[in-house]
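Just below is one structure, and these are the notes that go with it.
The values are calculated or read from the model by the stated rules, or taken from the named source; none is laboratory data. Worth saying up front: this structure is predicted, and the values here are computed from it rather than measured. Reconstructed Cβ throughout: ideal geometry from the backbone, glycine too, with neighbour counts over all protein chains shown. In case anyone asks, the SASA skips ligands and DNA or RNA and just uses the protein heavy atoms, side chains included. Shrake-Rupley method; radii C 1.70, N 1.55, O 1.52, S 1.80 Å.
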Amino acid sequence: MGVLEQVAPNLVDVLRRDAWWMGWNTLLAWIPVALAWVLFRGRQLSRSPFWWAGLVLFVLFLPNAPYVVTDLVHLRGDIMMADRGGPVVTVILPVYALLIGSGFLAYYLALGAALRHLARLGFGAWQGRVTIAAHAVCAVGVFLGRWARLNSWEPVVDPHATIERIVVQLTWAWAPVLIVGTFMVTWLCHFMTKAIAEASFDATVKGARRLRATLTS
């Protein structure tokens, strides 16, 4: 990192401090995409117990994608430690923007695969309700992940202790406020990601068509 350290010392410091947890959270955020690619490929409702077990894992891991927005709690510390010179706005903030953008792109792709599968099964009318339900599940999951420090695999490996922790956290007086707030943030970020991703896709397709038309004319 010699040259990079001279050009952007703040970036190097952020990567040294945060690369592990940022990389880990990004990996967790993209696990639902991998599960969606495996689960939502057929045109018939699967009766396999392995498929339903995979669906449970998909639901458990899906909140990891929007969870990355809560990693903004680390931002203040990184800004406070940015004492080696270099622009904070153009170095540290883009790193967090990339982290959060990656998480919500994963959420958009995973949820989109599930919704398209519903449409193929003939349940397209349920897409809106499933989207809202997914946001709600993720809001609860993000709340439990950030404030109860609950991991996605704990309901499987230690269900009894997990249930106790969930009950304790959900009976906290501030839990409804935080869950509703998380739901709104998840809904807004998903809406923005969907709009940007679909506009970018349409622009890319149109550009490719124009290029092909130019080359063949």
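Residues of segment 141-153 that are open to solvent by 30 Å² or more (accessible area, probe 1.4 Å) and either of a type in the set (Phe, Trp, Tyr) or in a helix (DSSP H, G or I) (or both): 146, 147, 153.
Okay, residues lined up against (1) more than 22 Å from residue 200 (Cβ to Cβ); (2) more than 17 Å from the chain's Cα centre (by Cα):
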| residue | (1), (2) |
| --- | --- |
| 58 | yes, no |
| 77 | yes, yes |
| 96 | no, no |
| 100 | no, no |
| 104 | no, no |
| 112 | no, no |
| 137 | yes, no |
| 141 | yes, no |
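Against the condition of a type in the set (Ser, Thr, Tyr), in contact with a helix residue (DSSP H, G or I) (Cβ under 8 Å, 6 or more places away or on another chain) and modelled with pLDDT under 95, how does residue 96 come out, does it pass?
yes
Checking each residue in segment 46-56 for being modelled with pLDDT under 90 and among the small types (Gly, Ala, Ser) picks out 46, 48. Scanning segment 46-56 for residues that are in a helix (DSSP H, G or I) and open to solvent by less than 50 Å² (accessible area, probe 1.4 Å) yields 51, 54, 55. Pairs linking a residue in segment 191-213 that is without any contact (Cβ under 8 Å) to a residue 12 or more places away in the chain and more than 19 Å from residue 104 (Cα to Cα) to a residue that is charged (D, E, K, R) and surrounded by 10 or more Cβ atoms within 10 Å (Cβ to Cβ), with Cβ atoms under 6 Å and 6 or more positions apart or on different chains, do not occur. Screening the candidates 187, 172 for the property of being touching a His at 6+ places or on another chain (Cβ under 6 Å), open to solvent by 100 Å² or more (accessible area, probe 1.4 Å) and among the aromatic types (Phe, Trp, Tyr) yields one hit, 187. Cβ separations smaller than 9 Å between residues 6+ apart or across chains give the following pairs from segment 117-145 residues that are more than 16 Å from residue 106 (Cβ to Cβ) to residues that are loosely packed, with under 14 Cβ neighbours inside 10 Å and among the polar types (S, T, N, Q): 120/44; 121/44.
Yes/no matrix, rows are residues, columns are (1) at pLDDT below 95; (2) open to solvent by 50 Å² or more (accessible area, probe 1.4 Å); (3) touching a helix residue (DSSP H, G or I) at 6+ places or on another chain (Cβ under 9 Å):
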position: 44; (1), (2), (3): yes, yes, yes
position: 58; (1), (2), (3): no, no, yes
position: 65; (1), (2), (3): no, no, yes
position: 77; (1), (2), (3): yes, no, yes
position: 82; (1), (2), (3): yes, no, yes
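Within segment 120-140, the set of residues being open to solvent by 70 Å² or more (accessible area, probe 1.4 Å) and in a helix (DSSP H, G or I) comprises 120, 125, 126, 129, 132.
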